[in-house]
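Just so it is clear, none of the values below were taken in a lab; they were calculated from the coordinates. These figures come from a predicted structure and were not determined experimentally. A quick note on method: Cβ atoms are made from the backbone with ideal geometry, for glycine too, and the neighbour counts reach across all protein chains shown.
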Amino acid sequence: MSYMKYYSNWAEIDLGAIRNNVGIICKHTGVQVMAIVKANAYGHGAVPVARAALQGGATWLAVARVDEAVELRRAGIVAPIFLLGYVPSLRLEEAVANRVSMAFWTIEQARCVSAAAERVGETAKLHFIVDTGMSRLGAQAGEALDIMRQVCSIPHVYMEGIFTHFARADEPDSDPTNVQEDLFLMVLSALDAEGVRPKIVHAANSAASLTRSSAVFSLVRLGISLYGLFPNHKYPLPPEFRPALSWKSVLSQVKVLPPGRGVSYGHIYTTRGNERIGTIPVGYADGYRRTTGNYVLVGSKQVPVIGRVCMDYIMVRLDSVTEAKAGDEVVLIGSQGDARILAEDVGDVWGTINYEVTCAVGARVPRIFRE
Ligand SMILES: *Cc1c(COP(=O)(O)O)cnc(C)c1O
């Protein structure tokens, strides 16, 4: 509550929710959980979320960029870290030196990693990525056996794992994911027959972890549901999951304006009568999208954002909360009394998904971590 005396707007991260959400998936799948903390833990704060996820039962962490892995290592985190995809060539040594397991999909990449590992004086750990239908990264199924045969003779690398990634596991139609899973199983058995199948096998993201026990394999890669958010907006998570992030601010000014007053840049909004207008110190520089149709909670009620979103401020119409005054709490994402705005709701207004909403919470917004 006193954060508002210190910050203009801030994100509160409930680390208990992170531990809770990991625990549900551990129990549900019965396999190891890799907590995906890329993109500053989907905007939640990488290091505290990584620690909470490990406390909650995760055994692996995953990131998308070398700097993200280095941040975790610098914080003293020793758990295995997987880098989910591309590593720029001049960062390979750094990745190996930081004991980051890496993805690869060509024999040339494996050779470059091998050379980097030799220079560092370590063994690099690799996971072979098979493109079974996402068409983003990975070897095609038909090339898999050839690459895996060759990679066996490359020194300084250990073939730790093999994985694939689903494009449509969040949809009710299971056919597209069945096709991907079948192709992955075919590759696995071909590698098995030649004795070149790596030990750790993984495929499932949050959606598949929840709905597809056949794709659970040795571990699941838990992203969005770690944060208590829905893999697909149309299909809510079981109620035991708890969203971890709230985004809050404060009313910095409240005033009554006469009819006919333009509000904010461009005067795209004009008061129709005497209107109570509140000013809130959050703007697009904090990641609040400069679009129309936004709303926030004041006095446990939804109030509309009016006029243009500024870099550092938004204005709201407070007709429905006549008692609202400067200093009152504002909720952009989260609960206030019985009212609630989910990241999914903000995604609807912004024409995007919850993933992009929490990732958008700006670097200048302080994260407050609550145990
Ligand atoms: C980001 C990512 C995930 C996590 O997906 P969610 O839908 O957030 O659970 C899993 N695997 C890969 C390869 C990813 O890039």
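Taking the 0 to 90 degree range and rounding to the nearest ten, how far is the long axis of helix 15-29 tilted relative to the main principal axis of the chain, both from C-alpha atoms?
The two axes meet at around 40 degrees.
With θ taken as phi - 60° and the coefficients 6.51, -1.76 and 1.60, list the Karplus ³J(HN,Hα) couplings across the range 195-204 in order, rounded to whole Hz; mark glycine and proline as x.
Values per residue, Gly and Pro as x: x, 10, 8, x, 6, 8, 10, 8, 8, 7 Hz.
So which of LYS5/LYS325; LYS125/LYS199; LYS38/LYS125; LYS38/LYS301; LYS255/LYS301 end up more than 22 Å apart, counting from Cα to Cα?
Cα-Cα > 22 Å for LYS38/LYS301; rest within.
Convert each backbone phi in the range 188-194 into a coupling constant with the Karplus relation 6.51 cos²θ - 1.76 cosθ + 1.60 (shift: θ = phi - 60°), then list the ³J(HN,Hα) values in order as whole Hz, x for Gly and Pro.
4, 6, 4, 5, 4, 4, 9
Near TYR7, within a Cβ-to-Cβ distance under 14 Å, what is the net charge of the other residues, with Lys and Arg +1 and Asp and Glu -1?
That works out to 0.
Kindly identify the chain as rounded, prolate or oblate by the Cα gyration tensor criterion: order the square roots of the eigenvalues as a ≥ b ≥ c, call it rounded if a/c is under 1.5, otherwise compare a/b with b/c, prolate if a/b is larger, else oblate.
prolate
What does the charge add up to near LEU188, with Lys and Arg as +1, Asp and Glu as -1, over the other residues with Cβ less than 14 Å from its Cβ?
Summing Lys/Arg as +1 and Asp/Glu as -1 gives -2.
If I take R0 = 51 Å and measure r between the Cβ atoms of GLU143 and GLU371 in this structure, what FRET efficiency does the formula 1/(1 + (r/R0)^6) give, to the nearest 0.05?
0.60
Once the Cβ-Cβ distance between HIS233 and SER89 is put in as r, and R0 is 35 Å, what FRET efficiency do you end up with, to the nearest 0.05?
Efficiency at R0 = 35 Å is approximately 0.40.
Considering amide H positions built from the backbone, and no H for Pro or chain starts, which residues 5 or more places from GLN32, or on another chain, come under 5 Å of its amide H?
Residues meeting the amide H criterion: VAL220.
Between ASN274 and ASP173, how many nm apart are label points set 7 Å from Cα along the C-beta direction?
5.7
What nm value, rounded to one decimal, do you get for the distance between SER213 and SER320 when each label is placed 7 Å out toward the C-beta?
If labels sit at SER213 and SER320, their model points lie 4.4 nm apart.
Is the range 245-370 rounded, prolate or oblate when judged by the Cα gyration tensor, a ≥ b ≥ c being the square roots of its eigenvalues, rounded requiring a/c under 1.5 and prolate requiring a/b larger than b/c?
Because a/c hits 1.5 or more and a/b exceeds b/c, the range 245-370 counts as prolate.
Spin-label point model (7 Å from Cα, Cβ direction): what's the GLN253 to ASP338 distance in nm?
3.5
Starting from the Cα gyration tensor of the range 31-227, take the square roots of the eigenvalues, sort them a ≥ b ≥ c, and report rounded, prolate or oblate (rounded when a/c is under 1.5, otherwise prolate if a/b is larger than b/c, else oblate).
oblate
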